[in-house]
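Taking it in order: structure first as C-alpha coordinates, then the write-up.
The values are calculated or read from the model by the stated rules, or taken from the named source; none is laboratory data. The shown structure was predicted, so the numbers you read here are calculated from the model rather than taken from an experiment. Cβ atoms come from the backbone with ideal geometry, glycine included; neighbour counts cover every protein chain shown. We work out accessible area using only protein heavy atoms, side chains counted, and drop any ligands, DNA or RNA first. Shrake-Rupley method; radii C 1.70, N 1.55, O 1.52, S 1.80 Å.
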Amino acid sequence: MKEYLTITEVHAREILDSRGNPTVEAEVCINDCVIGRAQVPSGASTGKFEAVELRDKETRYGGNGVHKAVRNINETLRETILGKNAMDQSYIDELLIKADGTENKGNLGANATLGVSMAVARAAANALHIPLYQYLGGIHAKRLPVPMMNILNGGKHADNTVDLQEFMIMPVSAESFSEGLRICAEIYHTLKQLCRDRGLSTGVGDEGGFAPDLKDSRDVLTLIVEAVEKSGYEPGKDIMIAIDAAASELYEEEIGKYYFPGESKMAGRDIYRTTDEMVSYYADLANLFPIASIEDGLDEEDFEGWKLLTEILGDKTQLVGDDLFVTNVKRLRKGIHMHAGNAILIKVNQIGTLSEAFEAIETAHKNGFKTIISHRSGETEDTFIADIAVAVNSGEIKTGAPCRSERIAKYNRLLRIEEELGISSVYCNPFENEKYS
(Lines give C-alpha, C1' and ligand atoms only; values in the text may rest on other atoms or scores of the structure.)
Protein backbone atom coordinates (compact mmCIF):
# COMPACT_ATOMS: atom_id res chain seq x y z
CA MET A 1 0.00 0.00 0.00
CA LYS A 2 1.40 3.37 -1.03
CA GLU A 3 2.18 5.71 1.82
CA TYR A 4 0.47 9.10 1.71
CA LEU A 5 2.41 12.02 3.11
CA THR A 6 -0.03 14.93 3.11
CA ILE A 7 1.30 18.41 2.41
CA THR A 8 -0.33 20.51 5.11
CA GLU A 9 1.52 23.83 4.80
CA VAL A 10 3.76 25.74 2.39
CA HIS A 11 5.63 28.91 3.29
CA ALA A 12 8.42 30.97 1.74
CA ARG A 13 10.58 33.89 2.77
CA GLU A 14 13.24 36.15 1.31
CA ILE A 15 16.79 35.39 2.51
CA LEU A 16 20.29 36.36 1.31
CA ASP A 17 22.67 34.38 -0.86
CA SER A 18 26.48 34.30 -0.77
CA ARG A 19 26.77 37.57 -2.70
CA GLY A 20 24.40 39.39 -0.35
CA ASN A 21 21.57 39.32 -2.87
CA PRO A 22 18.04 38.18 -2.00
CA THR A 23 16.91 34.68 -2.83
CA VAL A 24 14.03 32.36 -1.97
CA GLU A 25 13.76 29.94 0.92
CA ALA A 26 10.76 27.59 0.85
CA GLU A 27 9.35 25.35 3.56
CA VAL A 28 6.92 22.47 3.12
CA CYS A 29 5.21 20.81 6.07
CA ILE A 30 3.95 17.21 5.96
CA ASN A 31 1.25 15.87 8.26
CA ASP A 32 1.49 19.05 10.37
CA CYS A 33 4.79 17.93 11.88
CA VAL A 34 7.62 17.27 9.40
CA ILE A 35 9.39 20.21 7.72
CA GLY A 36 11.43 20.26 4.54
CA ARG A 37 13.36 23.43 3.74
CA ALA A 38 15.18 24.45 0.56
CA GLN A 39 17.10 27.50 -0.60
CA VAL A 40 17.41 28.57 -4.23
CA PRO A 41 20.79 29.59 -5.73
CA SER A 42 21.40 32.28 -8.34
CA GLY A 43 23.92 32.63 -11.17
CA ALA A 44 26.00 35.59 -12.34
CA SER A 45 27.03 34.16 -15.70
CA THR A 46 23.62 33.02 -16.90
CA GLY A 47 22.53 31.56 -20.21
CA LYS A 48 19.84 33.42 -22.14
CA PHE A 49 17.82 30.21 -22.41
CA GLU A 50 17.62 29.57 -18.67
CA ALA A 51 14.26 29.52 -16.91
CA VAL A 52 13.29 32.94 -15.56
CA GLU A 53 14.50 33.97 -12.13
CA LEU A 54 11.77 36.35 -10.95
CA ARG A 55 13.05 39.61 -9.41
CA ASP A 56 10.99 42.51 -8.07
CA LYS A 57 12.82 45.23 -10.08
CA GLU A 58 11.97 47.81 -7.42
CA THR A 59 14.21 50.12 -5.40
CA ARG A 60 14.89 47.74 -2.51
CA TYR A 61 18.04 45.63 -2.95
CA GLY A 62 18.74 47.47 -6.18
CA GLY A 63 15.79 45.79 -7.85
CA ASN A 64 16.92 42.27 -6.88
CA GLY A 65 14.28 41.58 -4.23
CA VAL A 66 12.24 38.38 -4.50
CA HIS A 67 9.03 39.39 -2.76
CA LYS A 68 7.04 38.56 -5.89
CA ALA A 69 8.44 35.03 -6.05
CA VAL A 70 7.83 34.59 -2.33
CA ARG A 71 4.26 35.79 -2.72
CA ASN A 72 3.74 33.40 -5.61
CA ILE A 73 4.73 30.54 -3.33
CA ASN A 74 2.71 31.67 -0.34
CA GLU A 75 -0.40 32.19 -2.41
CA THR A 76 -0.57 30.42 -5.78
CA LEU A 77 1.76 27.45 -5.28
CA ARG A 78 0.62 26.85 -1.72
CA GLU A 79 -2.97 26.42 -2.88
CA THR A 80 -1.80 24.27 -5.77
CA ILE A 81 -0.16 21.55 -3.67
CA LEU A 82 -1.92 21.64 -0.29
CA GLY A 83 -3.36 18.20 0.50
CA LYS A 84 -1.27 16.47 -2.17
CA ASN A 85 1.02 13.52 -1.51
CA ALA A 86 4.61 14.68 -1.05
CA MET A 87 5.87 11.31 -2.30
CA ASP A 88 4.45 12.00 -5.78
CA GLN A 89 7.35 14.24 -6.78
CA SER A 90 6.73 14.09 -10.53
CA TYR A 91 3.03 14.87 -10.02
CA ILE A 92 3.84 17.75 -7.67
CA ASP A 93 6.32 19.16 -10.17
CA GLU A 94 3.79 18.86 -12.98
CA LEU A 95 1.32 20.85 -10.89
CA LEU A 96 3.97 23.54 -10.34
CA ILE A 97 4.71 23.69 -14.07
CA LYS A 98 1.02 23.98 -14.95
CA ALA A 99 0.44 26.63 -12.28
CA ASP A 100 3.10 28.77 -13.93
CA GLY A 101 1.78 28.06 -17.42
CA THR A 102 4.83 29.20 -19.38
CA GLU A 103 7.69 27.27 -20.94
CA ASN A 104 10.37 29.28 -19.13
CA LYS A 105 8.67 29.76 -15.71
CA GLY A 106 8.28 33.44 -16.58
CA ASN A 107 4.97 33.81 -14.77
CA LEU A 108 5.65 32.61 -11.23
CA GLY A 109 9.45 32.38 -11.51
CA ALA A 110 11.76 29.37 -11.56
CA ASN A 111 13.06 30.48 -8.18
CA ALA A 112 9.53 29.99 -6.83
CA THR A 113 8.81 26.62 -8.46
CA LEU A 114 12.25 25.21 -7.66
CA GLY A 115 12.11 26.24 -4.01
CA VAL A 116 8.85 24.35 -3.57
CA SER A 117 10.00 21.37 -5.63
CA MET A 118 13.14 20.87 -3.55
CA ALA A 119 11.37 21.50 -0.24
CA VAL A 120 8.78 18.82 -1.05
CA ALA A 121 11.51 16.25 -1.72
CA ARG A 122 13.39 17.09 1.45
CA ALA A 123 10.20 16.98 3.53
CA ALA A 124 9.35 13.55 2.15
CA ALA A 125 12.85 12.24 2.88
CA ASN A 126 12.64 13.64 6.41
CA ALA A 127 9.22 12.07 6.95
CA LEU A 128 10.53 8.67 5.85
CA HIS A 129 13.67 9.07 7.99
CA ILE A 130 16.03 8.35 5.10
CA PRO A 131 18.85 10.44 3.62
CA LEU A 132 17.87 12.75 0.77
CA TYR A 133 20.26 11.05 -1.68
CA GLN A 134 18.64 7.69 -0.95
CA TYR A 135 15.13 9.10 -1.32
CA LEU A 136 16.05 10.64 -4.69
CA GLY A 137 18.21 7.78 -5.99
CA GLY A 138 17.19 4.56 -4.27
CA ILE A 139 19.46 1.64 -3.50
CA HIS A 140 21.87 2.39 -6.35
CA ALA A 141 22.84 5.81 -4.97
CA LYS A 142 26.40 5.10 -3.89
CA ARG A 143 28.90 6.87 -6.16
CA LEU A 144 30.70 9.86 -4.66
CA PRO A 145 31.49 12.55 -7.23
CA VAL A 146 34.99 13.65 -8.16
CA PRO A 147 35.20 17.38 -7.36
CA MET A 148 35.89 19.80 -10.18
CA MET A 149 37.37 22.20 -7.66
CA ASN A 150 37.54 25.82 -8.75
CA ILE A 151 40.88 27.22 -7.58
CA LEU A 152 41.30 30.25 -9.85
CA ASN A 153 38.51 32.58 -10.94
CA GLY A 154 38.18 34.97 -13.87
CA GLY A 155 35.47 36.36 -16.13
CA LYS A 156 32.30 37.46 -14.38
CA HIS A 157 33.33 35.68 -11.19
CA ALA A 158 36.26 38.02 -10.45
CA ASP A 159 37.58 41.54 -11.01
CA ASN A 160 40.85 40.61 -12.68
CA THR A 161 42.43 40.21 -16.12
CA VAL A 162 41.71 36.48 -16.49
CA ASP A 163 39.15 36.09 -19.28
CA LEU A 164 38.12 32.46 -18.89
CA GLN A 165 35.79 32.10 -15.94
CA GLU A 166 36.97 29.06 -13.99
CA PHE A 167 40.10 26.93 -13.73
CA MET A 168 39.54 23.72 -11.80
CA ILE A 169 41.46 20.69 -10.61
CA MET A 170 40.16 17.11 -10.47
CA PRO A 171 41.80 14.55 -8.11
CA VAL A 172 41.42 11.53 -10.39
CA SER A 173 43.95 9.22 -8.70
CA ALA A 174 42.39 9.44 -5.23
CA GLU A 175 40.84 6.29 -3.79
CA SER A 176 38.04 8.05 -1.91
CA PHE A 177 36.18 11.33 -1.91
CA SER A 178 37.79 12.37 1.37
CA GLU A 179 41.26 11.75 -0.08
CA GLY A 180 40.39 13.68 -3.21
CA LEU A 181 39.11 16.60 -1.17
CA ARG A 182 42.31 16.63 0.90
CA ILE A 183 44.48 16.62 -2.23
CA CYS A 184 42.59 19.55 -3.70
CA ALA A 185 42.76 21.54 -0.49
CA GLU A 186 46.52 21.02 -0.30
CA ILE A 187 46.97 22.27 -3.87
CA TYR A 188 44.70 25.23 -3.16
CA HIS A 189 46.86 26.32 -0.23
CA THR A 190 50.06 25.81 -2.24
CA LEU A 191 48.61 27.99 -4.99
CA LYS A 192 47.88 30.69 -2.43
CA GLN A 193 51.49 30.63 -1.28
CA LEU A 194 52.75 30.80 -4.87
CA CYS A 195 50.58 33.84 -5.52
CA ARG A 196 51.79 35.48 -2.32
CA ASP A 197 55.45 34.77 -3.18
CA ARG A 198 55.01 36.42 -6.58
CA GLY A 199 53.20 39.46 -5.27
CA LEU A 200 49.92 38.37 -6.84
CA SER A 201 46.55 38.95 -5.22
CA THR A 202 45.28 36.22 -2.93
CA GLY A 203 41.77 37.68 -2.84
CA VAL A 204 39.06 35.29 -3.99
CA GLY A 205 36.22 35.43 -6.49
CA ASP A 206 32.56 34.51 -6.07
CA GLU A 207 33.28 30.80 -5.89
CA GLY A 208 36.34 30.98 -3.68
CA GLY A 209 39.07 30.64 -6.31
CA PHE A 210 41.97 33.08 -6.28
CA ALA A 211 41.69 36.02 -8.64
CA PRO A 212 45.14 37.40 -9.54
CA ASP A 213 45.92 39.44 -12.64
CA LEU A 214 47.69 37.16 -15.12
CA LYS A 215 48.71 37.66 -18.75
CA ASP A 216 46.69 34.88 -20.37
CA SER A 217 45.37 31.35 -19.95
CA ARG A 218 48.81 29.80 -20.44
CA ASP A 219 50.08 31.80 -17.47
CA VAL A 220 47.13 30.60 -15.40
CA LEU A 221 47.62 26.95 -16.33
CA THR A 222 51.39 27.12 -15.82
CA LEU A 223 50.80 28.48 -12.31
CA ILE A 224 48.29 25.72 -11.52
CA VAL A 225 50.62 22.99 -12.78
CA GLU A 226 53.40 24.40 -10.59
CA ALA A 227 51.06 24.36 -7.57
CA VAL A 228 50.15 20.73 -8.30
CA GLU A 229 53.81 19.69 -8.56
CA LYS A 230 54.89 21.63 -5.46
CA SER A 231 52.12 19.86 -3.54
CA GLY A 232 53.70 16.52 -4.43
CA TYR A 233 51.27 15.41 -7.15
CA GLU A 234 51.70 14.65 -10.83
CA PRO A 235 49.70 16.65 -13.38
CA GLY A 236 47.96 14.35 -15.84
CA LYS A 237 48.17 11.38 -13.50
CA ASP A 238 46.98 12.50 -10.07
CA ILE A 239 45.36 15.73 -11.18
CA MET A 240 43.49 16.71 -14.34
CA ILE A 241 42.49 20.27 -15.15
CA ALA A 242 39.04 21.51 -16.13
CA ILE A 243 38.14 24.88 -17.62
CA ASP A 244 34.87 26.79 -17.73
CA ALA A 245 35.42 29.33 -20.47
CA ALA A 246 31.93 30.91 -20.24
CA ALA A 247 32.54 31.87 -23.87
CA SER A 248 29.09 33.42 -24.34
CA GLU A 249 30.30 36.24 -22.07
CA LEU A 250 33.19 36.90 -24.48
CA TYR A 251 31.21 36.64 -27.70
CA GLU A 252 30.40 39.85 -29.60
CA GLU A 253 27.50 38.96 -31.84
CA GLU A 254 27.71 42.03 -34.08
CA ILE A 255 31.16 41.01 -35.35
CA GLY A 256 30.91 37.26 -34.75
CA LYS A 257 34.11 37.08 -32.71
CA TYR A 258 35.23 36.49 -29.14
CA TYR A 259 36.88 39.44 -27.40
CA PHE A 260 39.40 38.83 -24.60
CA PRO A 261 39.44 42.08 -22.58
CA GLY A 262 41.89 40.97 -19.89
CA GLU A 263 44.37 39.49 -22.33
CA SER A 264 43.99 42.61 -24.48
CA LYS A 265 44.78 44.84 -21.50
CA MET A 266 47.88 42.85 -20.58
CA ALA A 267 49.09 42.70 -24.21
CA GLY A 268 48.37 46.35 -24.96
CA ARG A 269 46.34 45.47 -28.09
CA ASP A 270 42.86 44.15 -28.84
CA ILE A 271 42.66 40.37 -29.04
CA TYR A 272 39.74 38.78 -30.90
CA ARG A 273 39.26 35.17 -31.89
CA THR A 274 36.95 33.61 -34.47
CA THR A 275 35.17 30.30 -33.84
CA ASP A 276 37.89 28.40 -35.72
CA GLU A 277 40.55 30.23 -33.75
CA MET A 278 38.78 29.41 -30.47
CA VAL A 279 38.81 25.71 -31.36
CA SER A 280 42.53 25.92 -32.20
CA TYR A 281 43.10 27.89 -28.98
CA TYR A 282 41.61 25.08 -26.87
CA ALA A 283 43.42 22.41 -28.86
CA ASP A 284 46.74 24.15 -28.23
CA LEU A 285 46.03 24.44 -24.49
CA ALA A 286 44.98 20.77 -24.34
CA ASN A 287 48.25 19.76 -26.01
CA LEU A 288 50.31 21.73 -23.50
CA PHE A 289 48.41 20.99 -20.29
CA PRO A 290 46.48 18.01 -18.81
CA ILE A 291 43.04 19.42 -19.62
CA ALA A 292 40.32 16.81 -19.30
CA SER A 293 37.23 19.02 -19.51
CA ILE A 294 36.20 22.25 -21.22
CA GLU A 295 32.85 23.84 -20.36
CA ASP A 296 31.07 26.42 -22.51
CA GLY A 297 33.95 26.66 -24.93
CA LEU A 298 31.80 28.47 -27.51
CA ASP A 299 28.71 30.68 -27.59
CA GLU A 300 25.38 29.32 -26.37
CA GLU A 301 23.76 29.64 -29.81
CA ASP A 302 26.61 28.28 -31.92
CA PHE A 303 25.62 24.62 -32.28
CA GLU A 304 27.60 24.37 -35.53
CA GLY A 305 30.71 25.66 -33.79
CA TRP A 306 30.15 23.17 -30.96
CA LYS A 307 29.91 20.41 -33.55
CA LEU A 308 33.31 21.42 -34.91
CA LEU A 309 34.77 21.63 -31.40
CA THR A 310 33.49 18.12 -30.69
CA GLU A 311 34.91 16.77 -33.96
CA ILE A 312 38.34 18.17 -33.08
CA LEU A 313 38.51 17.56 -29.33
CA GLY A 314 35.63 15.25 -28.42
CA ASP A 315 37.67 12.03 -28.58
CA LYS A 316 40.00 13.13 -25.79
CA THR A 317 38.23 15.92 -23.92
CA GLN A 318 34.97 16.21 -21.99
CA LEU A 319 33.07 19.07 -23.67
CA VAL A 320 30.42 20.37 -21.29
CA GLY A 321 27.36 22.36 -22.29
CA ASP A 322 26.12 24.73 -19.59
CA ASP A 323 24.76 27.86 -21.30
CA LEU A 324 24.36 25.67 -24.39
CA PHE A 325 21.98 23.18 -22.77
CA VAL A 326 20.73 25.00 -19.61
CA THR A 327 19.52 21.68 -18.11
CA ASN A 328 16.85 21.68 -20.81
CA VAL A 329 15.95 18.36 -22.44
CA LYS A 330 14.95 19.96 -25.76
CA ARG A 331 18.29 21.73 -26.13
CA LEU A 332 20.18 18.66 -24.93
CA ARG A 333 18.46 16.46 -27.52
CA LYS A 334 19.45 18.94 -30.23
CA GLY A 335 23.06 18.72 -29.06
CA ILE A 336 22.95 14.93 -29.00
CA HIS A 337 21.49 14.84 -32.52
CA MET A 338 24.13 17.25 -33.84
CA HIS A 339 27.03 15.64 -31.93
CA ALA A 340 27.63 18.98 -30.24
CA GLY A 341 29.39 18.32 -26.91
CA ASN A 342 29.53 15.12 -24.91
CA ALA A 343 28.51 16.23 -21.41
CA ILE A 344 25.95 18.46 -19.71
CA LEU A 345 26.18 20.64 -16.63
CA ILE A 346 23.14 20.23 -14.40
CA LYS A 347 21.93 23.31 -12.52
CA VAL A 348 18.50 22.78 -11.06
CA ASN A 349 17.64 26.48 -11.05
CA GLN A 350 18.15 26.65 -14.82
CA ILE A 351 14.99 24.61 -15.35
CA GLY A 352 12.87 25.14 -12.22
CA THR A 353 11.84 21.69 -10.92
CA LEU A 354 13.63 18.56 -9.78
CA SER A 355 11.70 16.33 -12.19
CA GLU A 356 12.82 18.33 -15.22
CA ALA A 357 16.43 18.30 -14.03
CA PHE A 358 16.31 14.54 -13.46
CA GLU A 359 14.82 14.05 -16.93
CA ALA A 360 17.81 15.91 -18.39
CA ILE A 361 20.18 13.68 -16.40
CA GLU A 362 18.43 10.51 -17.58
CA THR A 363 18.42 11.69 -21.19
CA ALA A 364 22.14 12.44 -21.00
CA HIS A 365 23.06 9.09 -19.48
CA LYS A 366 20.96 7.15 -21.99
CA ASN A 367 22.82 8.86 -24.83
CA GLY A 368 26.33 8.46 -23.47
CA PHE A 369 26.67 12.04 -22.24
CA LYS A 370 28.31 12.64 -18.88
CA THR A 371 26.63 14.79 -16.23
CA ILE A 372 28.20 17.24 -13.81
CA ILE A 373 26.06 18.52 -10.93
CA SER A 374 26.77 22.19 -10.31
CA HIS A 375 26.35 25.01 -7.84
CA ARG A 376 25.84 28.66 -8.84
CA SER A 377 28.05 31.66 -8.12
CA GLY A 378 25.32 33.03 -5.86
CA GLU A 379 24.95 30.12 -3.43
CA THR A 380 23.45 29.37 -0.03
CA GLU A 381 24.29 26.98 2.77
CA ASP A 382 21.82 24.46 1.32
CA THR A 383 23.59 21.18 0.45
CA PHE A 384 20.89 19.78 -1.85
CA ILE A 385 23.17 19.39 -4.89
CA ALA A 386 25.57 17.15 -2.94
CA ASP A 387 22.73 14.68 -2.42
CA ILE A 388 21.69 14.95 -6.07
CA ALA A 389 25.22 14.11 -7.24
CA VAL A 390 25.17 10.87 -5.24
CA ALA A 391 21.51 10.11 -6.03
CA VAL A 392 22.13 10.03 -9.79
CA ASN A 393 25.68 8.59 -9.62
CA SER A 394 26.86 11.57 -11.61
CA GLY A 395 30.54 11.05 -10.87
CA GLU A 396 31.43 14.76 -11.01
CA ILE A 397 30.44 17.86 -9.06
CA LYS A 398 31.24 21.56 -9.31
CA THR A 399 30.85 23.35 -6.02
CA GLY A 400 33.71 25.80 -5.77
CA ALA A 401 36.94 26.18 -3.85
CA PRO A 402 37.77 24.89 -0.35
CA CYS A 403 36.93 28.41 0.78
CA ARG A 404 33.67 30.23 1.67
CA SER A 405 31.25 28.33 3.86
CA GLU A 406 28.50 28.05 1.22
CA ARG A 407 30.95 25.97 -0.87
CA ILE A 408 32.46 24.03 2.03
CA ALA A 409 28.97 23.01 3.18
CA LYS A 410 28.55 20.85 0.06
CA TYR A 411 31.95 19.20 0.51
CA ASN A 412 31.25 18.50 4.17
CA ARG A 413 27.88 16.99 3.25
CA LEU A 414 29.63 14.63 0.82
CA LEU A 415 32.07 13.61 3.56
CA ARG A 416 29.11 12.66 5.74
CA ILE A 417 27.48 10.74 2.90
CA GLU A 418 30.71 8.83 2.24
CA GLU A 419 30.85 7.89 5.91
CA GLU A 420 27.18 6.80 5.87
CA LEU A 421 27.68 4.61 2.80
CA GLY A 422 30.80 3.01 4.25
CA ILE A 423 32.17 0.11 2.24
CA SER A 424 29.40 0.42 -0.36
CA SER A 425 30.60 3.88 -1.45
CA VAL A 426 32.31 4.16 -4.84
CA TYR A 427 34.80 6.79 -6.00
CA CYS A 428 36.57 6.53 -9.33
CA ASN A 429 38.18 8.48 -12.13
CA PRO A 430 35.34 9.64 -14.42
CA PHE A 431 37.68 9.52 -17.41
CA GLU A 432 39.01 6.01 -16.81
CA ASN A 433 38.44 3.66 -19.76
CA GLU A 434 36.72 6.47 -21.64
CA LYS A 435 37.55 7.47 -25.19
CA TYR A 436 38.78 10.86 -23.91
CA SER A 437 40.99 9.44 -21.15
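Taking every C-alpha pair closer than 8 Å and separated by at least 6 residues, the mean separation divided by the residue count of the chain gives a relative contact order of 19 percent.
Size check on the range 1-100: the Cα extents along the three principal axes, sorted descending, read 50, 28, 22 Å.
For helix 89-100, what angle does its Cα long axis make with the longest principal axis of the chain, in degrees from 0 to 90 and rounded to 10? Taking Cα atoms only, the helix is inclined about 90 degrees.
Qualifying GluC sites (Glu not before Pro) in the range 1-108, where qualification requires a DSSP coil assignment and no more than 11 other C-beta atoms within 10 Å, comprise GLU3, GLU103. With only alpha-carbon pairs counted, each pair once and no self-pairs, how large is the Kirkwood hydrodynamic radius of the range 299-346 in angstroms? Kirkwood radius, the range 299-346: 10.3 Å. Which is farthest toward the positive dipole end of the chain among LEU354, VAL52, PRO261, measuring Cα position about the Cα centre, with Cβ charges +1 (Lys, Arg) and -1 (Asp, Glu)? Working it through, the farthest residue towards the positive pole turns out to be LEU354.
A protection proxy built from the mean count of other Cβ atoms within 10 Å ranks the segments 159-171, 106-118, 286-298, most packed first, as 106-118, 159-171, 286-298.
Seen from every direction in turn and averaged, the convex hull around the alpha carbons of the range 147-276 projects onto 8.3 nm².
Dividing the Cα radius of gyration of the range 1-52 by its Kirkwood radius returns 1.15 for Rg/Rh. Farthest towards the positive end of the charge dipole of the range 144-212, among the residues GLY155, THR202, ILE183, is the Cα of THR202, using unit charges on the Cβ of Lys, Arg, Asp and Glu. Compared with the dominant Cα axis of the chain, that is its longest principal axis, helix 177-197 is turned about 50°.
Once both labels are positioned 7 Å from their Cα atoms along Cα-to-Cβ, the gap between GLU79 and GLU9 label points is 2.0 nm. Only DSSP H runs of four or more residues enter the estimate; each adds -39500 (n - 2.57), and after division by the residues of the chain the mean residue ellipticity at 222 nm equals -11500 deg cm²/dmol. Per residue, the chain exposes an accessible area of 39 Å² to a 1.4 Å probe, with every protein chain left in place.
Note on the range 62-184: Cα Rg divided by 2.2 N^0.38 Å, N the number of residues, gives 1.43.
What does DSSP give for the range 5-113 in terms of the percent of beta bridges that are antiparallel, rounded to the nearest 5? Percent antiparallel among DSSP bridges in the range 5-113 is about 100.
Pairs of Lys residues in the range 244-393, spaced 8 or more positions apart or belonging to different chains, with C-alpha separations under 29 angstrom: 26 in total.
Taking a ≥ b ≥ c as the square roots of the eigenvalues of the Cα gyration tensor, the range 357-437 is classed as prolate, since a/c reaches at least 1.5 and a/b is larger than b/c.
Partners of LYS84 within straight-line reach, counting lysines whose Cα lies under 19 Å from its Cα and excluding those fewer than 8 residues away in the same chain: LYS2, LYS98. In the range 349-432, Cα pairs under 8 Å separated by at least six residues give a relative contact order of 24 percent. Taking the Cα centre of the chain as reference, the dipole from Cβ charges on Lys and Arg (+1) and Asp and Glu (-1) amounts to some 620 debye. Here's the picture: charge each Lys and Arg Cβ at +1 and each Asp and Glu Cβ at -1 in the chain, and of GLN193, ILE15, ALA125 the one pushed furthest to the positive end of that dipole is ALA125. For the range 230-287, the alpha carbon positions stretch 46, 23, 18 Å along the principal axes, listed from largest to smallest. Heavy-atom accessible area for ARG196, with the other protein chains in place and a 1.4 Å probe, reaches approximately 120 Å².
Computed about its Cα centre, the charge dipole of the range 1-123 is approximately 280 debye, with only Lys, Arg, Asp and Glu carrying charge at their Cβ.
Among DSSP beta bridges lying fully in the range 198-304, give the percent that are antiparallel, nearest 5. In the range 198-304, DSSP labels about 50 percent of beta bridges as antiparallel. Distance distribution note for the chain: the fraction of Cα pairs above 34 angstrom is 29%.
Beta bridges per DSSP, both residues in the chain: antiparallel share near 60 percent.
For the range 200-301, the relative contact order is 29 percent, taking Cα pairs closer than 8 Å that sit 6 or more residues apart in sequence and dividing their mean separation by the residue count. Highest-first packing order for the peptide set 256-269, 389-402, 124-137 is 389-402, 124-137, 256-269, based on the mean count of other beta carbon atoms within 10 Å. Rolling a 1.4 angstrom probe over the range 214-316 with all protein chains present gives an accessible area of which 43% lies on carbon and sulfur atoms.
Using only Cα atoms, locate the centre of the range 238-314 and the centre of the range 155-179, then give the distance between them in Å, rounded to an integer. Cα centroid of the range 238-314 versus Cα centroid of the range 155-179: 17 Å apart.
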